[in-house]
1. Mind checking which residues of region 72-95 are more than 25 Å from THR137 (Cβ to Cβ) and in a helix (DSSP H, G or I)?
2. Which residue out of LEU151, LEU123, LEU136 is on the phi < 0 side of the Ramachandran plot and at pLDDT below 70?
3. Which residue out of ARG232, ARG266 is surrounded by fewer than 20 Cβ atoms within 10 Å (Cβ to Cβ), farther than 27 Å from CYS91 by Cα and within 16 Å of the ligand (Cβ to nearest atom)?
4. Give the number of residues within region 287-330 that are in a loop (DSSP other than H, G, I, E, B), over 23 Å from GLU382 (Cβ atoms) and either touching a residue at least 24 places away in the same chain (Cβ under 8 Å) or within 13 Å of the ligand (Cβ to nearest atom) (or both).
5. Do you know which of the residues in region 401-435 that are buried (at least 21 other Cβ atoms within 10 Å of the Cβ) and among the aliphatic types (A, V, I, L, M) is farthest from GLY251 (Cα to Cα)?
6. Could you list, in sequence order, the residues of region 207-223 that are in contact with a Gly (Cβ under 7 Å, 6 or more places away or on another chain) and over 15 Å from LEU243 (Cα atoms)?
7. Which residues, taken from region 265-284, are in a helix (DSSP H, G or I) and aliphatic (A, V, I, L, M)?
8. Taking into account only those residues within region 235-257 that are touching a Leu at 6+ places or on another chain (Cβ under 9 Å) and assigned to a helix (DSSP H, G or I), which is nearest to the ligand (Cβ to nearest atom)?
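The values are calculated or read from the model by the stated rules, or taken from the named source; none is laboratory data. No experiment lies behind these values; they were computed from the predicted model shown. In this analysis, Cβ positions are derived from the backbone assuming ideal geometry, glycine residues included, and neighbour counts consider all displayed protein chains.
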Amino acid sequence: MASTIEHVSGDRRYFIRTFGCQMNEHDSEQVAGLLEADGMQPAGAPEDADVVVVNTCCIREKADQKLYAYLGGLKALKRSRPGMQIAVGGCLAQKDQDVVRSRAPHVDVVFGTHNVHRAAELLARAAQEGPIVEILTEAVRADAEAFPSALGVRRDLPHSAWVTIQVGCDNSCAFCIVPAVRGPEISRPFESLLDEVRQLSDQGVAEVTLLGQNVNSYGRDLALARRKAGERVRVRPLFADLLRAVGAVGGIQRVRYTSPHPKDLRPETIAAMAETPAVCEHLHLPLQSGSDAVLAAMHRGYTAERYLERLAEARRGIPDLAVSTDIIVGFPGETEQDFADTLAVVADAEFDSAFTFVFSPRPGTEAAAMTGDFVDPEVATERYERLRAVVERSARRRHEAREGRREEVLVEGPSKTRPELTSGRTRQNKLVHFAAPATLRPGSFVDLDVTGAGAHYLLGELVAVRATPARRERIPVVAA
Ligand code: SF4
């Protein structure tokens, strides 16, 4: 999925095109905040921009083809707009480094995943000195200001913020490029995170989503570093502590997080979710495959049985829990029996929703070299359709089970698919469409009765407005 940040203000204007995941979306918010702190204004389209930043992703399929096609389109535009600058950042830039400028010499700045915070500075320098490629191989220090911060960003929903708690990943899933491009796990210090959440709350933010590649191992590196320095500290389940502490910040009414690794989902996290009223009843727990052989080949560190046990523990501990997942179909070597095992686990797990993907090799990953075991694309596509049918059945069942219930919904704004309706999210992260007066502002909390359900949404009837947002205006951009 690609997205854009398109806004307006000042003399020089910028446009950001983002490919990829929430981490990348949040990095783009940070770049937008930096450019605005530098006096730039957002533009509605690249044609109106003096600076175009392309934030790349190498996790998604055909990422490089999409990037170079997009950059090709910008070449003629740059010729017609003297002084226009193009910057390319993100994980594909990190991985390909000099390749970006050799394939697209009209690019002015290339930056990686470890120096997103320097994007504005690099653009200013490039305007004086010419093209710059700056890719850092070292990850940021834990106390560095370079963690993507929700305070210096430009976001579209002022009541809702992403907070990065950790960058990098210490795992080595065979299909994933993240450890290579984002480096080992580095956690942001606990107190600095809490300070940020308190400031967000002061600014009217009611919902925070804690972001990390493997949130459940949050803080492990911090504790190990203290032990190395001679302190006698226990590597405690810091993520559970963090959930409780963030949930206790006044004004924060909803806490979400993504993503935990199933092998690291600890009882303490489940208890913290259950016992902290602000933490929402939604768990995104990536399964990836239901076959033990495929899970082992992926280096996931759990079996299907262990996954289902953890899921059952979470459901036992957290009433009314909604569960979503990620599943890859056609991983190299996946047999019909492996796939049947996945279907059985998915049917058993009764997910509320699932992001399903057909395997496609990401250059630089272990799985990309397993060419002899690649699954025939037609077979993989057919399996994908069968899997989707099973997921949709359980999603619909779980949505229909909510009909007649009263739900607390955080209002997001006009529905993207049915503009005559308003959309919001329940605590279980379910999208709800409902008729609302035009005066109902995004960020309001409402009660509504669920009157209908589809596989991907609920329909509701407004019952009462519980609270309107603390602030009406957009949160001012803070210089990072
Ligand atoms: S846990 Fe696995 S899939 Fe997730 S970021 Fe780390 S290596 Fe990638």
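1. Once the filter is applied, which keeps residues that are more than 25 Å from THR137 (Cβ to Cβ) and in a helix (DSSP H, G or I), region 72-95 yields GLY72, GLY73, LEU74, LYS75, ALA76, LEU77, LYS78, ARG79, SER80.
2. Sole residue among the options that is on the phi < 0 side of the Ramachandran plot and at pLDDT below 70: LEU151.
3. Details: ARG232 fails: within 16 Å of the ligand (Cβ to nearest atom).
Going through ARG232, ARG266 in turn, just one is surrounded by fewer than 20 Cβ atoms within 10 Å (Cβ to Cβ), farther than 27 Å from CYS91 by Cα and within 16 Å of the ligand (Cβ to nearest atom): ARG266.
4. Of the residues in region 287-330, 8 are in a loop (DSSP other than H, G, I, E, B), over 23 Å from GLU382 (Cβ atoms) and either touching a residue at least 24 places away in the same chain (Cβ under 8 Å) or within 13 Å of the ligand (Cβ to nearest atom) (or both).
5. VAL432
6. Hit for region 207-223 is GLN213, nothing else.
7. ILE270, ALA271, ALA272, MET273, ALA274
8. Checked region 235-257; the qualifying residue nearest to the ligand (Cβ to nearest atom) is PHE239.
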